[in-house]
Amino acid sequence: MEFDSILAVLVFFPFAAGLLAYFMGKRSHLAALISMAAELGLMAYLALLFYMRSKVMLLSYVDTSETVEIMLSYTLPEVCGFGLHFCMDGFRLLYGCVAAFMWMMAALLSGEYFQGHHNVNRFYLFLLWTLGATMGVFLSADLYTTFVFFEIMSFTSYVWVAQEENRPSLRAAATYLAVAVMGGLVMLMGIFLLYHYLGTLDIDGLRAAAAGFGSRNILYVAGGCLLFGFGAKAGAFPLHIWLPKAHPVAPAPASALLSGILTKAGIYGILILSCNLFLYDMLWGKVILVLGVITMLGGALLAVFSIDLKRTLACSSMSQIGFILVGIGLQGLLGEENVLAVHGTVLHMVNHSLIKLVLFLAAGVIYKNTCSLDLNKIRGFGRKKPLLKTVFLTGALAIGGIPLFGGYISKTLLHEAIVEYGGGLAMKSAEWLFLFSGGLTVAYMAKLYIAVFVEKNQDGVLQKQYDGRKNYWNGKSAFALGGSALALFLWGLMPHGVMGRAAKLAEGFLNVSAEGGTVHEVRYFSLSCLSGGLISIVIGILVYVFFVRKVLIRKQGEGSGGYVNLWPRWLDLEELLYRPLLLKILPVIFAVFCRALDSFTDTIVVMLRKTVYRDSPLPHELPEGNGLTFALGKALNGIQFVGNHTWNRQTPADKDYVHLFALWNAELQENNKIIQRSLSFGLLMFCGGLALTLIYIIWF
């Protein structure tokens with residue numbers, strides 16, 4: 001239908017707007033704001049149409065288990081060979097709105113954040129291009145379209161990380177790009193395998209094609225390749241290494257989007273695999289669950305030890321991605337009764353996006369005023385800044401899973417899904433690791449909040465400067481943070497009215513069965529539901545009091561002490577494993593292997609030339625020299641032979657004139673080449689040509 005082309009507008013409009021913003025120079029920020037407002041307006045318009053359940057022809061209703069979804073589809077044929085295919089359903093609509101909202105708020109803050117920075121128009125160019133690529137990923141209807149925009153998104157967002165162009169940012173950007181490129185190449189291999197064996201890359205057709213395919217092992221190989229690529233972008237263990245490196249050096253608005261949205265593009269791909277290719281697959285569900293538990297716990301541990309504000313938030317993102325992966329794994333394990341896991345997964349995705357928008361934008365305001373992210377240097381900055389304190393506290397309480405906030409709702413659903421699955425010792429261990437990771441979340445967020453907004457800085461003069469700084473943000477920045485925090489707070493206050501309906505939007509995309517699509521009402525504030533959250537809160541308080549305060553803060557004289565990072569440097573996976581493996585070990589191994597292959601080939605060739613293909617002289621082939629030197633040499637050799645036997649018998653000569661003439665000829669040719677290559681010869685030839693030209697003109 002004609003209106004379906006709005007999907008192409010959502011994807012390609014930001015690319016055109018990015019060029020406009022770039023060439024507007026100093027007005028780039030204004031152009032970017034207008035463009036993102038237009039993008040958000042389009043998404044809001046589509047959301048309004050869905051909400052009103054209009055009977056306009058552009059809407060197509062799919063009614064399963066009281067779930068009504070809007071379906072739009074659009075195809076650009078013959079683009080990139082296969083064509084680009086887009087569609088929109090409830091889940092895509094939900095995340096399209098979240099992405100547009102986050103881009104708008106990040107752009108509002110970036111105006112003040114980039115004051116005095118260089119190459120600002122370049123940042124807005126790639127900010128808008130990444131928006132278009134992200135929309136292309138979330139609206140993609142087949143894996144080929146997903147891959148195309150996934151790779152565009154990786155390359156455009158690389159510029160965010162490298163924006164400051166200093167040594168740490170360029171090194172982090174190289175790590176980010178290396179992980180993205182390797183992930184993309186492996187993902188492409190998986191796409192080739194799927195297309196070869198299933199004959200389709202259409203997301204809606206993968207389920208039926210996989211059900212009719214005999215070899216499950218081939219699907220596991222293809223799915224593993226795709227999981228590698230999507231997991232790299234999501235920040236799942238062990239491909240998480242770019243998260244703690246990229247976020248501290250990237251501008252704060254970019255960090256908010258990297259953490260809140262681009263990681264969800266990776267989760268989007270994993271959902272496609274889990275809910276289509278491997279729907280209700282127990283083995284696949286166990287693999288995702290194990291990856292989720294490791295990622296969840298590993299990220300939380302890294303965050304507890306970190307003393308850099310944005311690095312802590314980056315490690316926190318890794319941990320929250322782990323919570324989401326746990327939900328995806330449970331979807332496979334619970335089979336058709338997986339609706340609790342589905343709702344918990346979707347809601348935690350949205351919660352994490354909105355939470356990291358608030359927290360990273362707040363971190364941007366702090367960095368802009370202090371020029372530091374070290375907890376010891378920014379300590380006490382927010383003590384007398386009630387609005388910034390409230391904004392940060394809203395994000396901290398939400399991510400900590402405190403009741404009355406959105407994070408509590410999604411974590412409760414995920415915990416209830418674990419309890420519903422039951423299982424033996426392994427599942428009970430996963431449950432306690434889930435609760436312990438939630439407790440670590442409370443601990444590291446308490447560390448950040450108390451350090452920045454409660455404690456005093458050890459430098460009294462610096463603390464007075466912090467307390468006296470009233471104009472620490474402008475109106476647009478205050479609106480961006482205040483609006484984001486308000487949206488997050490209101491979202492969490494309506495678990496059934498708003499959050500429940502939003503989760504229900506995703507049921508069609510995640511293939512929730514009609515039989516299991518009716519979720520039993522979860523009484524979020526009953527004692528059984530509150531118990532999980534309370535256990536995590538108690539664990540968090542204990543970890544903060546007895547580990548953070550006692551171990552991670554070192555006393556310095558009579559002061560309260562400074563935060564120290566006791567995480568062993570050698571446990572940095574990038575330095576411990578990836579860089580040595582990719583830059584030292586593998587090159588040596590491949591060099592030895594290739595040298596062995598080269599020597600083996602040379603040996604075979606020599607053996608063949610000595611035996612089967614033995615060299616034989618060509619007919620009329622001269623041993624040396626040319627025909628003239630050979631003829632003259634033979635003639636003189638003949639004369640010498642006659643002379644030695646007649647008139648020169650007493651003193652015979654023994655010269656090989658063929659060889660002598662060949663040497664003179666080689667020397668003559670070498671001298672000619674030297675002369676011809678010399679500047680003098682060139683000038684001589686030029687003068688000769690000029691003289692001939694003048695003679696010709698005068699004579700004729």
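The values are calculated or read from the model by the stated rules, or taken from the named source; none is laboratory data. Computed from a predicted model, the values in this text were never measured in an experiment. Glycine also receives a Cβ, built like all others from the backbone with ideal geometry; neighbour counts cover every protein chain displayed. Each accessible area value is taken on the protein alone, full model and side chains, heavy atoms only, with ligands, DNA and RNA left out. Shrake-Rupley method; radii C 1.70, N 1.55, O 1.52, S 1.80 Å.
A few comments on the model shown:
- Any chance V498 is closer than 25 Å to Y95 by Cα, β-branched (V, I, T) and at pLDDT below 85: yes
Here's the yes/no breakdown for (1) modelled with pLDDT under 90; (2) in contact with a Cys (Cβ under 8 Å, 6 or more places away or on another chain); (3) open to solvent by 10 Å² or more (accessible area, probe 1.4 Å); (4) under 30 Å from G299 (Cα atoms):
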residue: G199; (1), (2), (3), (4): yes, no, yes, no
residue: G205; (1), (2), (3), (4): yes, no, yes, no
residue: A211; (1), (2), (3), (4): yes, no, yes, no
residue: S215; (1), (2), (3), (4): yes, no, yes, no
residue: G223; (1), (2), (3), (4): no, no, no, yes
residue: L239; (1), (2), (3), (4): yes, no, yes, yes
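- Residue identified as at pLDDT 90 or above, under 24 Å from V304 (Cβ atoms) and open to solvent by less than 20 Å² (accessible area, probe 1.4 Å) among K447, K389: K447
- Some residue of region 550-563 being out of contact with any helix residue (DSSP H, G or I) (no Cβ under 7 Å at 6 or more places or on another chain), assigned to a helix (DSSP H, G or I) and at pLDDT 70 or above: no
- First in region 162-174 and over 20 Å from Y124 (Cβ atoms), second anywhere and open to solvent by less than 50 Å² (accessible area, probe 1.4 Å) and not basic (K, R), Cβ under 7 Å, 6 or more apart: P168/V249; L170/A162; A172/V161; A172/A246; A172/V249
- Region 251-294: number of residues that are more than 16 Å from the chain's Cα centre (by Cα), in a helix (DSSP H, G or I) and either aliphatic (A, V, I, L, M) or on the phi > 0 side of the Ramachandran plot (or both): 14
- Search result, residues across region 466-485 that are assigned to a helix (DSSP H, G or I) and either over 25 Å from G111 (Cβ atoms) or touching a residue at least 12 places away in the same chain (Cβ under 8 Å) (or both): Y466, D467, K476, S477, A478, F479, A480, L481, G482, G483, S484, A485
- Taking the listed residues I294, I261, the one that is at pLDDT 90 or above, within 27 Å of R92 (Cα to Cα) and among the aliphatic types (A, V, I, L, M) is I261, with no other qualifying.
- Just one residue in the set G401, G407, G423 is at pLDDT below 90, under 29 Å from N511 (Cβ atoms) and open to solvent by 10 Å² or more (accessible area, probe 1.4 Å); that residue is G423.
- Residue match in region 295-314 (condition: of a type in the set (D, E, K, R) and in a helix (DSSP H, G or I)): yes
- Which listed residue, of E431, E455, E420, is in contact with a Lys or Arg (Cβ under 7 Å, 6 or more places away or on another chain) and not aliphatic (A, V, I, L, M): E455
- Just one of the listed residues (T345, T370) is among the polar types (S, T, N, Q) and open to solvent by 10 Å² or more (accessible area, probe 1.4 Å), namely T370.
- F305 vs. criteria open to solvent by 10 Å² or more (accessible area, probe 1.4 Å), more than 24 Å from I191 (Cβ to Cβ) and at pLDDT 90 or above: yes
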